[in-house]
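Q: Mind looking over this structure? Questions follow.
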Amino acid sequence: MINFNRHLAALAAGVAATAMIAGAALADPALLYDGGGKYDKGFNESAFNGATRWAQETGGTFGEIDLTGGDAQREQSLRQFAERGYSPILVPGFNWVSSLSTVAAEFPDTKFVIIDSFVDLPNVKSIEFKEQEGSYLVGVMAALASKTGTVGVIPAFNFELLEAFACGYKQGALSVNPQIKVLQNYVGTAFEAFNDVAKATEVANTQIDQGADVVFAVAGGAGNGVLQAAADRGVLSIGVDQNQNYMHPGSVLTSMQKKVDVATYEAFKSFSEGTFVADHTVLGVAEDGVGPAFDDNNASLITPEIKAAVDDATAKIISGEIKVHDFRSDKACPV
């Protein structure tokens, strides 16, 4: 597997693309990580795991790079990977939209994939998730596990995708206990909040001080601080994006999984098999794209009542009996 981390400083300094990616294999796929980095124990790492699975199964290689700059660096990196012939080039994260829209139009013969947003170009595959549905299910779990009648949700900042998580969580919790109190506080005000572990820890402790005994981290890498604070204070937490139950066994009630690893794997696999389609896919509970994580690390926390409630709500979401409101549809949460 080709690793570009050693070239990051050169890239930031504006060194020529040929120096940065010399030796790249033509038509290999590439993965450009979002803020938080490759090993964020969440969204980016999930994409990396999917790409690694593809590489192990096929013997293929993929390019990759961690970025620390803004849109200018994103656009520069995308263009350089496209110039070297990488395809498909996958970017996990909604803050790639502007750069991808520009570069994909310049390279119509190169295939691109964006996860968590939609880019309407004929060479871009867009993969989104019904985060509100999976968050509804973990909200059900939070309400049933809470002993104080107060739970919390901590998005990185006030952004509509993150609000979709929070709104779904509230709907799920209130479906179990109409009197439950759901606290919502933000880590910060912009994208850098995804990396602010210290502030996320502070916010989690504030919610716990206010009586929350289950806190849901919707903050990328910063969410690690939420999970740590909950473990330190003896309350429960809920992880996000990938299964984070292992981080604090017996303390993480569950994780709201978005199958970014599966989406990445399938995108790379379909391209290598010649079946890649640049379409728009939305994955929800029915498609097994989102949902709570159950494993040995949280088994002691999952009562028969919790499991039965999740199974019941899952079936009703799939059948359409439960329709979880998507905040993004009207920028409102009806609870």
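The values are calculated or read from the model by the stated rules, or taken from the named source; none is laboratory data. For clarity, every value in this text was computed on a predicted model and none was experimentally measured. Every residue, glycine as well, gets a Cβ built from its backbone with ideal geometry; the counts of neighbours run over all protein chains shown.
Q: How many of the residues in the range 233-252 are polar (S, T, N, Q) and in a loop (DSSP other than H, G, I, E, B)? Give the steps one after another, and end with the answer.
A: Our first condition is that a residue be polar (S, T, N, Q); within the range 233-252, this holds for 237, 242-245, 251.
With the extra rule that they be in a loop (DSSP other than H, G, I, E, B), the set shrinks to 242-244, 251.
Of the residues in that region, 4 qualify.
Per-residue answers, yes or no, for (1) loosely packed, with under 14 Cβ neighbours inside 10 Å; (2) modelled with pLDDT under 85; (3) in contact with a Ser or Thr (Cβ under 7 Å, 6 or more places away or on another chain); (4) not basic (Lys, Arg):
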| position | (1), (2), (3), (4) |
| --- | --- |
| 11 | no, yes, yes, yes |
| 17 | no, yes, no, yes |
| 32 | no, no, yes, yes |
| 35 | no, yes, no, yes |
| 52 | no, no, no, yes |
| 71 | yes, yes, yes, yes |
| 82 | no, no, yes, yes |
| 97 | no, no, yes, yes |
| 101 | no, no, no, yes |
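Residue by residue, here is whether (1) modelled with pLDDT of 95 or more; (2) surrounded by fewer than 23 Cβ atoms within 10 Å (Cβ to Cβ); (3) assigned to a loop (DSSP other than H, G, I, E, B) holds:
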site	(1), (2), (3)
87	yes, yes, yes
110	yes, yes, yes
121	yes, yes, yes
135	yes, no, no
141	yes, no, no
151	yes, no, no
167	yes, no, no
175	yes, yes, no
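Q: I need the full set of residues from the range 268-311 which are over 25 Å from residue 217 (Cβ atoms), surrounded by fewer than 12 Cβ atoms within 10 Å (Cβ to Cβ) and not hydrophobic (A, V, I, L, M, F, W, C), in order please.
A: Of everything in the range 268-311, those that are over 25 Å from residue 217 (Cβ atoms), surrounded by fewer than 12 Cβ atoms within 10 Å (Cβ to Cβ) and not hydrophobic (A, V, I, L, M, F, W, C) turn out to be 273, 274, 275, 279, 304.
Q: Out of 230, 217, 212, 204, which single residue is in contact with a Leu (Cβ under 8 Å, 6 or more places away or on another chain), within 22 Å of residue 173 (Cα to Cα), assigned to a helix (DSSP H, G or I) and of a type outside the set (Lys, Arg)? Give the steps one after another, and end with the answer.
A: On the way: 217 fails: assigned to a helix (DSSP H, G or I); 212 fails: assigned to a helix (DSSP H, G or I); 204 fails: in contact with a Leu (Cβ under 8 Å, 6 or more places away or on another chain).
230 is the lone residue from the list that is in contact with a Leu (Cβ under 8 Å, 6 or more places away or on another chain), within 22 Å of residue 173 (Cα to Cα), assigned to a helix (DSSP H, G or I) and of a type outside the set (Lys, Arg).
Q: In this structure, is residue 237 modelled with pLDDT of 95 or more and not aliphatic (A, V, I, L, M)?
A: Values: modelled with pLDDT of 95 or more: yes; not aliphatic (A, V, I, L, M): yes.
It is true that residue 237 is modelled with pLDDT of 95 or more and not aliphatic (A, V, I, L, M).
Q: May I ask you to verify whether residue 262 is surrounded by fewer than 24 Cβ atoms within 10 Å (Cβ to Cβ), of a type outside the set (D, E, K, R) and under 20 Å from the mean Cα position of the chain (by Cα)?
A: On the way: surrounded by fewer than 24 Cβ atoms within 10 Å (Cβ to Cβ): yes; of a type outside the set (D, E, K, R): yes; under 20 Å from the mean Cα position of the chain (by Cα): yes.
Yes, satisfied.
Q: Six or more apart or on different chains, Cβ under 7 Å: which pairs go from a residue in the range 141-165 that's within 23 Å of residue 285 (Cβ to Cβ) to one that's in a helix (DSSP H, G or I) and at pLDDT below 95? Could you list them?
A: 161/94
Q: Right, next: Would you point out which residue out of 172, 211, 188 is closer than 22 Å to residue 324 by Cα, among the small types (Gly, Ala, Ser) and outside the structural domain of residue 29 (by TED's automatic domain parsing)? Spell out the reasoning first.
A: Values: 211 fails: closer than 22 Å to residue 324 by Cα; 188 fails: closer than 22 Å to residue 324 by Cα.
After ruling out the rest, the residue left standing is 172.
Q: If we keep just the residues of the range 203-246 that are within 21 Å of residue 35 (Cα to Cα) and out of contact with any helix residue (DSSP H, G or I) (no Cβ under 7 Å at 6 or more places or on another chain), which is surrounded by the fewest Cβ atoms within 10 Å (Cβ to Cβ)?
A: Result: 243.
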